[in-house]
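The values are calculated or read from the model by the stated rules, or taken from the named source; none is laboratory data. Remember, it's a predicted structure, so these values are computed and weren't measured experimentally. Neighbour counts are summed over all protein chains in view; Cβ atoms, including those assigned to glycine, are modelled from backbone coordinates with ideal geometry. The area values use the complete protein model at the heavy-atom level, side chains included, leaving out ligands, DNA and RNA. Shrake-Rupley method; radii C 1.70, N 1.55, O 1.52, S 1.80 Å.
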Amino acid sequence: CKIQSVLAKSPAEKAGLKADDMIVKFDGRDIASRDEFLKLLQRRAPGNTVSLDVLRGEERLQLRVVLGKRPAS
C-alpha cells in the first residue's frame, strides 16, 4: 500500500510516515493491497497503537502509529 500524501499534524506525520512510503505489514500482517490495509485500519479505534513495516526506498522501517479520528470526506 503506497502512501500518496501525508496530512500535516496527522498521526501518520507524527509517526514519521512520508509520501511514497510503501506499507508492507500492519501489526505483523502482510499487506497485499490498499483495500486490505483500509479494512484492517477500520477495525481499530482512535487511540489504538499499531505497528507498520514500511519500505522507504531500500530502507525497511518499523513505525508505531497512534490512530486518530478519520477526517470527514
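Dipole size in debye (nearest 20) for the chain around its Cα centre, Lys and Arg Cβ +1, Asp and Glu Cβ -1? I would put it at about 360 debye.
Roll a 1.4 angstrom probe over the protein heavy atoms and tell me the percent of accessible area of the chain that is carbon or sulfur.
Details: 2540 of 5260 Å².
Heavy-atom surface of the chain belonging to carbon and sulfur, 1.4 Å probe: 48 percent.
Modelled label positions at Lys25 and Val66, each set 7 Å beyond Cα in the direction of Cβ, lie 2.4 nm from each other. Across the chain, C-alpha contacts under 8 Å between residues 6 or more apart give a mean separation that, scaled by the residue count, equals a relative contact order of 31 percent.
Extent along the principal axes, Cα only, for the chain: 33, 25, 21 Å, with the longest axis given first.
Note on the chain: dipole from Cβ charges, positive end direction compared against Gly57, Ala45, Ala12; the farthest Cα belongs to Ala45.
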